[in-house]
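S.K.: My structure is below; once you've seen it, I'll send some questions.
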Amino acid sequence: MNPAWIWLGLAALALIGEVMTGTFYLLVVAAGCAIAAAAAWGGLDFAWQLAVCAVAVVAAMLILRRVGVLRKRPATAPSRNADVNLDIGGTVKVDAWNADGTARVWYRGAHWEAALAPGAVAAPGQYVITELRGNCLVLTPQF
């Protein structure tokens, strides 16, 4: 049996693992195994096949880190994360602010409590939802 088929089988297993985990790491390993399969079809010894696989994986990891795909991103609190709360980024109109920096706004067919974001100036107008604290919308002015 040609060792290229073994490499391709390992690449398929890595791809299955990639689909199950959702990271780029096993995708890079699958690519390295595929390149090692090409080296096996080229007639290289097993030691060279391993070396080609290792070099391909390390090079791909460095490239993906350089591009920023594998760079760790700072964790965003769920209350400010637009991937968690679809309301973040929505706009509301504030007619008047209370003295304590709160207001009642009409949003998605209901009245909501709204609070002014720290450092923002309380003035009537359009605001953007930047955070959700329970059922209170935190607003910053829209520019």
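The values are calculated or read from the model by the stated rules, or taken from the named source; none is laboratory data. Owing to the predicted nature of the structure, the values given are computational and were not obtained by experimental measurement. Every residue, glycine among them, receives a Cβ derived from its backbone with ideal geometry; neighbour counts consider all protein chains shown.
S.K.: Considering only residues of the stretch 18-34 that are under 18 Å from residue 5 (Cα atoms) and small (Gly, Ala, Ser), which is surrounded by the most Cβ atoms within 10 Å (Cβ to Cβ)?
M.R.: 32
S.K.: Would you point out the residue of the stretch 101-137, among those that are modelled with pLDDT under 90 and surrounded by 15 or more Cβ atoms within 10 Å (Cβ to Cβ), that is nearest to the chain's Cα centre (by Cα)?
M.R.: If we take residues in the stretch 101-137 being modelled with pLDDT under 90 and surrounded by 15 or more Cβ atoms within 10 Å (Cβ to Cβ), then 120 is nearest to the chain's Cα centre (by Cα).
S.K.: Let me ask something else. Return the only residue of 85, 98, 81 being loosely packed, with under 13 Cβ neighbours inside 10 Å and in a loop (DSSP other than H, G, I, E, B). So that I can check it myself, show each step before the final result.
M.R.: Details: 85 fails: loosely packed, with under 13 Cβ neighbours inside 10 Å; 81 fails: loosely packed, with under 13 Cβ neighbours inside 10 Å.
Matching residue, one of 85, 98, 81: 98.
S.K.: Now for a different question. With (1) under 30 Å from the mean Cα position of the chain (by Cα); (2) surrounded by 10 or more Cβ atoms within 10 Å (Cβ to Cβ); (3) among the small types (Gly, Ala, Ser); (4) assigned by TED's automatic domain parsing to the domain that holds residue 8 as the list, and residue 37 as the residue in question, which single condition is left unmet?
M.R.: Status for residue 37: all satisfied but (1).
S.K.: Taking the criterion of being of a type in the set (S, T, N, Q), touching a residue at least 40 places away in the same chain (Cβ under 8 Å), part of a loop (DSSP other than H, G, I, E, B) and within 30 Å of residue 124 (Cα to Cα), would at least one residue in the stretch 56-78 satisfy it? Reasoning before the result, please.
M.R.: Quick first cut of the stretch 56-78, residues of a type in the set (S, T, N, Q) only: 76.
If we keep only those that are touching a residue at least 40 places away in the same chain (Cβ under 8 Å) as well, we get none.
No, the conditions are met nowhere in the stretch 56-78.
S.K.: Restricting to the stretch 108-143, count the residues that are without any contact (Cβ under 8 Å) to a residue 40 or more places away in the chain and assigned to a loop (DSSP other than H, G, I, E, B).
M.R.: Going through the stretch 108-143 one residue at a time, the tally reaches 13.
S.K.: On to the next question. Quick one: is residue 134 over 30 Å from residue 32 (Cβ atoms) and not hydrophobic (A, V, I, L, M, F, W, C)?
M.R.: On the way: over 30 Å from residue 32 (Cβ atoms): yes; not hydrophobic (A, V, I, L, M, F, W, C): yes.
Criteria met by residue 134.
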